[in-house]
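See below for the structure under consideration.
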Amino acid sequence: MSSFVAGQLRLRASAVRDEALRAADIAAEIELQLMQDKVCTDERDAVADEMEHERVYAQYCEDLSEQILFIAENIHTFIPESANE
């Protein structure tokens with residue numbers, strides 16, 4: 001039972017990590033647009049806020065992924081293998 005749960009948690013951690021990478025890519029793209037002056041002056045603050053939001057979200061997802069992996073690696077302390085029944 002705990003092996004199954006650990007496997008499911010690892011899958012979830014991978015999906016969350018993918019989300020972190022996606023958000024980091026979006027933040028990098030926004031930063032590039034800001035650096036290349038592809039954003040109207042009127043919208044720079046809003047776009048910079050969006051970039052910061054994506055960075056914070058990416059870090060949140062990265063941290064969450066690490067926490068999920070930690071639980072997956074230690075699931076046997078929560079659900080002993082004898083709980084297979």
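The values are calculated or read from the model by the stated rules, or taken from the named source; none is laboratory data. Please read all numbers here as calculations on a predicted model, not as lab measurements. Note that we place each Cβ from the backbone using ideal geometry, even for glycine, and neighbour counts take in every protein chain shown. The protein model used for the area step is the full one, side chains on, heavy atoms only, and it has no ligands, DNA or RNA in it. Shrake-Rupley method; radii C 1.70, N 1.55, O 1.52, S 1.80 Å.
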Please go through region 65-74 and pick out each residue that is under 13 Å from the mean Cα position of the chain (by Cα) and either within 9 Å of residue 10 (Cα to Cα) or crowded, with 17+ Cβ neighbours inside 10 Å (or both). 65, 68, 69
Looking at region 43-64, is at least one residue free of Cβ contacts under 8 Å to residues at least 60 places away in the same chain, of a type in the set (Phe, Trp, Tyr) and loosely packed, with under 13 Cβ neighbours inside 10 Å? no
Answer yes or no as to whether residue 22 is in a helix (DSSP H, G or I), touching a helix residue (DSSP H, G or I) at 6+ places or on another chain (Cβ under 6 Å) and open to solvent by 70 Å² or more (accessible area, probe 1.4 Å). no
Residue 38 is checked against (1) open to solvent by less than 50 Å² (accessible area, probe 1.4 Å); (2) not in a helix (DSSP H, G or I); (3) not small (Gly, Ala, Ser) and fails just one. What number does that condition carry? (1)
